[in-house]
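Novice: Pasting a structure here, questions to come.
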Amino acid sequence: MDHSIALVTGATSGLGQATARLLAEDGWREIIVTGRRMAQIRETAAQLAAETKRKVFTPLELDLDKPASVRSALAELVKRERSIDFLLLNAGMVPGKARVITAAGIEASQAPLIGHHQLTVGLLRANQLSPNARIVIAGAEPARGGVPMFKYTDLPAFAAKYFRNDRTAAVEALIRNGPNVKYVPNNAYADAKLIVAWWVAALARRLPSGMAVYAVSPGAANATNVARNAGPLLKYLMIPIVNLIPGMNQTPETAASRYLKASEFGTDVSGQFFASAKGKFSGPMEVQREPHLHDGANQEAAWQAVVNVSGADLSHLEWLREVSGRSVGRGDRNP
Ligand SMILES: NC(=O)c1ccc[n+]([C@@H]2O[C@H](COP(=O)([O-])OP(=O)(O)OC[C@H]3O[C@@H](n4cnc5c(N)ncnc54)[C@H](OP(=O)(O)O)[C@@H]3O)[C@@H](O)[C@H]2O)c1
């Protein structure tokens, strides 16, 4: 991949900011950094330029909760007529005790995926990703399971109980925290990152052949703002305990370096979810092999639900791939 143009969402703090810094040090020619408000992201870009002594940061306003903001960001990007080589969909959050639903009717920790989907589909449709672009989206270990205090939803069972086995309707309910979903903040986060992993697998089947997409958990980096909304049990008990265990926490730079590593992965592992080894939150990342992550019906249901909620589809690309002889959209090609 050309080390040319990267775009990093959620760059006003934490891992997005750390990644932008690493990309500049790595020689990337331009790094588009996004934040919800222009004044704030301008300040971040100036601070990054001062720290790295490289004038390579372009601020862009992007609030993933607001479809109008995604549309304006896309219009800006399309106007530039320069394609993006590395699209890092990093923005995300652990939701708080009070359930927040955006004006578009989406639970707050699910909203970044919907905005990221609108952005990615918009860039693909406008041909603004380079032919061998890499897309990385932030995942997290709770999507795999086995993380204390976080529990993801068993989708087939949930769909069978409340939605006559319609898994797409069931994922839509999770995204909206709608009918039959009890709001438990940590579980909402686990579900949001699980839907991210499924979305990645489904998108991989739809991308042009040179491009690749991965879900990557950066692992634990407790010095960021990620848990700012989290409940006291997580904030004041679990995180401090985890911090005491060697190898269970890492600096934001170490965590961010996972994103950079993934930007060099090949198309052969496109669609996979990379995270820490079982029982760990740091160290080398590996492909996650739990069966629920690799269930093709879950992946396609997640894709369709995200399409329905976001109103953004790639069907014209799928049609193009079908006429050029590549099958899309059915079954699970993951190992
Ligand atoms: N740190 C960890 O231990 C850890 C572990 C696993 C996964 N992750 C994932 O890594 C990613 C980065 O987290 P972090 O630790 O760097 O947290 P952070 O310091 O809170 O940074 C998150 C960034 O995302 C932005 N953001 C969140 N929701 C947004 C929205 N709807 N629209 C636009 N921007 C939004 C935030 O902007 P505002 O400040 O304006 O909200 C901020 O710039 C997240 O996806 C997180 O889930 C983190």
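Each reported figure results from applying straightforward, stated rules to the coordinates on display, with no laboratory input. No experiment lies behind these values; they were computed from the predicted model shown. FYI the Cβ positions are ideal-geometry reconstructions off the backbone, even for glycines, and counts take in every protein chain you see.
Novice: Given contacts defined as C-alpha pairs under 8 Å and at least six residues apart, what's the relative contact order of the stretch 86-214, whole-number percent?
Specialist: This gives 35 percent for the stretch 86-214.
Novice: Sticking with this one: In the Gaussian network model of the chain, springs joining C-alpha atoms below 10 Å, which of Ala221, Ala126, Ala302 carries the largest mean-square fluctuation?
Specialist: Ala126
Novice: Starting from the Cα of Lys79, draw a straight line to each of the lysines and keep only those under 24 Å, dropping any in the same chain fewer than 8 residues away.
Specialist: Lys55, Lys66
Novice: Separate question: Can you list residues whose amide H is under 5 Å from Ile84's amide H, if they're 5+ apart or on another chain and H is modeled 1.01 Å from N?
Specialist: Leu129, Ser130
Novice: Subtract the Cα-Cα distance of Glu25 and Ala68 from 0.36 nm times their separation in residues, and report this length gain in nm to one decimal.
Specialist: Going from the current span to full extension adds 12.2 nm.
Novice: Using a 10 Å cut-off around each Cβ, can you sort Lys193, Lys53 from fewest to most neighbouring Cβ atoms?
Specialist: Fewest-to-most Cβ neighbours within 10 Å comes out as Lys53, Lys193.
Novice: Treating cross-link reach as a plain straight distance, find the aspartates and glutamates whose alpha-carbon is under 16 Å from the alpha-carbon of Lys193, omitting any fewer than eight places away in the same chain.
Specialist: The qualifying aspartates and glutamates are Glu107, Glu141, Asp154, Glu172, Glu290, Asp295, Glu300.
Novice: Please report Val171, Val200 as a ranked list, fewest other C-beta atoms within 10 angstrom at the top and most at the bottom. Intermediate results must be reported in sequence, preceding the final value.
Specialist: Numbers: Val171 30, Val200 27.
Result, fewest neighbours first: Val200, Val171.
Novice: On to the next question. Which order do peptides 128-138, 7-17, 146-156 fall in by mean Cβ count within 10 Å, highest first?
Specialist: So the order, starting with the most tightly packed, is 7-17, 128-138, 146-156.
Novice: Let me ask another. How would you rank Thr168, Thr251, going from fewest to most other Cβ atoms within 10 Å of each one's own Cβ?
Specialist: Placing the least packed residue first, the sequence is Thr251, Thr168.
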